[in-house]
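Below: the structure, in structure tokens.
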Amino acid sequence: MTEAPRWKLVVDQRVCHSSGVCVAMADGRFELTATGSRPVSDEIPPDEDVIDAAECCPVQAIRVLDAATGAAIVPEPL
Ligand code: SF4
């Protein structure tokens, strides 16, 4: 049996400026803290809203990775 894919979310709080875009776009996936956005869960099932949020982050602070391999899903590898 093949395991269901999982995604790992990473927010670079050095560049996040707490715009709240990701919180609004991906319901329940991100939360704002005193130091910026953070994932509610480090690993999630695949969720297109998270892709949209990562692509719309004004400072490209969000990375979405394949949890099993660490391969980048967003930003897409060159
Ligand atoms: S969209 Fe980007 S800058 Fe805005 S809160 Fe989320 S991670 Fe931070």
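The values are calculated or read from the model by the stated rules, or taken from the named source; none is laboratory data. This one's a predicted model, so the numbers in the text were calculated from it and none came from an experiment. Because the Cβ atoms are built from the backbone with ideal geometry, glycine has one as well, and the counts that use them run over all protein chains shown. Just so you know, the surface numbers come from the protein's heavy atoms only, side chains and all, with ligands and any DNA or RNA stripped out. Shrake-Rupley method; radii C 1.70, N 1.55, O 1.52, S 1.80 Å.
What to note about this one:
- For the condition charged (D, E, K, R) and near the ligand (Cβ under 10 Å from one of its atoms), residue 49 does not qualify.
- Applying the set (1) among the aliphatic types (A, V, I, L, M); (2) free of Cβ contacts under 8 Å to residues at least 12 places away in the same chain; (3) closer than 23 Å to residue 5 by Cβ to residue 25 leaves exactly one unmet item: (2).
- Checking region 17-32 against the condition returns a match, with at least one residue being assigned to a loop (DSSP other than H, G, I, E, B), charged (D, E, K, R) and touching a helix residue (DSSP H, G or I) at 6+ places or on another chain (Cβ under 8 Å).
- Meets criteria (under 12 Å from the mean Cα position of the chain (by Cα) and open to solvent by 50 Å² or more (accessible area, probe 1.4 Å)) for residue 5: no
- Across region 43-78, the qualifying residues are those that are free of Cβ contacts under 8 Å to residues at least 12 places away in the same chain and over 16 Å from residue 3 (Cβ atoms), and the one among them that is most open to solvent (accessible area, probe 1.4 Å) is 78.
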